[in-house]
Ligand code: SF4
């Protein structure tokens, strides 16, 4: 019997890709809390935007809720997700004497503190971000209503009408497109020359590095797969970055079963990356699915080395040492 020979496919695997330090910390926090307190532990919102991660934590005993009123007064802890929460959320938890663990990424907390300091100095704060994203809800909720304005686009920059245009500052969501945000920030500065910019970039290292890697690989491949959830902001941005960098086909998929194989029939070079909340096991699953249809030659393209680690949230650190 003659062996069927599979067509060749060169795979360029972007590095860095996948989990960032904030996501590792948030998932560790849920797992450590399960060990320390036993199941169930409550998690407000998806701990990170990845259905696979959420499901695996649910199987271990995490219960995901939308709001604190779904958490019973049983003494079980409630964990705030990596995206951060509005100030009203911990305040409500304190009033109900709930045990809380804050898994907000330290780089999101940095933006929260930045916004607060600017507000205390009397500035009206503009937040560049996407309406409805939990991180944006959390950052807006650091300041009193009316003292922070969301802009999503260049049109929004043209439209806003601040009462004192000489006393503005801006901050940004951490997971935006670096290029789009630069354009919006430049438009803000053109329109309001006295606006104060963040001291240090708010878009986080993981978002920036993953976008850089995609920009490097996308022009060299026929198709790019971004492994991640549809509701993951940084993953969506990676797909857009690939398209803009000239890749003819860019798809965001969570699992191998989501691939439409007819789209990949004629490709010879494939780029693969993963959003900051996508586990490597899903990248492997997708590579395995391609290996059933092609003879793969996989090359990892490293554009930056990462070594960021964040300590566990307070209250769980002792258990890490154990
Ligand atoms: S993507 Fe950036 S801001 Fe978000 S959790 Fe990861 S490191 Fe933190």
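Bear in mind that the values in this text are calculations on the coordinates, not laboratory data. Because the structure is a prediction, the values reported are computed rather than measured. Ideal geometry is used to build each Cβ from the backbone, glycine not excepted, and the neighbour counts take in all protein chains shown.
Numerical summary
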{"item": "The stretch 185-244, relative contact order in percent, only Cα pairs under 8 angstrom and at least six apart counted", "result": "30 percent"}
{"item": "Ascending count of other beta-carbon atoms within 10 Å, so fewest first, for 247, 14", "result": "247, 14"}
{"item": "Simple spin-label estimate for residue 302 and residue 243 in nanometres, 7 Å along Cα-Cβ", "result": "3.2 nm"}
{"item": "Residue list for the stretch 71-108, given a label point 7 angstrom along the Cα-to-Cβ vector of residue 231 and an amide N cut-off under 18 Å", "result": "71, 79-86, 103-105"}
{"item": "FRET efficiency for residue 161 and residue 67, using Cβ-Cβ distance with R0 set to 45 Å, rounded to 0.05", "result": "0.85"}
{"item": "Förster-model FRET efficiency, 51 Å R0, residue 94 and residue 295, C-beta, rounded to 0.05", "result": "0.30"}
{"item": "Whole-Å distance, taken between Cα centres, linking the stretch 239-313 and the stretch 125-159", "result": "31 Å"}
{"item": "Prolate/oblate/rounded call for the chain, Cα gyration tensor, a/c under 1.5 rounded", "result": "oblate"}
{"item": "Contour minus Cα-Cα distance for residue 182 and residue 263 (0.36 nm per residue)", "result": "25.9 nm"}
{"item": "Separation of alpha-carbon centers, the stretch 32-47 and the stretch 191-231, rounded to whole Å", "result": "31 Å"}
{"item": "Angle between the chain longest axis and helix 178-191 axis [Cα atoms, degrees, rounded to 10]", "result": "40 degrees"}
{"item": "Gain upon complete extension [residue 5, residue 120; 0.36 nm per residue less C-alpha separation]", "result": "34.7 nm"}
{"item": "Per-residue Cβ neighbour rank within 10 angstrom, fewest leading, 130, 124", "result": "130, 124"}
{"item": "Cα gyration tensor, the stretch 1-70 - rounded (a/c under 1.5), prolate or oblate", "result": "prolate"}
{"item": "Helix-derived mean residue ellipticity, 222 nm - over the chain, DSSP H n ≥ 4, -39500 (n - 2.57), to 500", "result": "-11000 deg cm²/dmol"}
{"item": "Fluctuation leader among 134, 72, 279 - the chain, Gaussian network, Cα springs under 10 angstrom", "result": "72"}
{"item": "Packing rank of 74-87, 284-297, where each peptide gets the mean count of other beta carbons within 10 Å, highest leading", "result": "74-87, 284-297"}
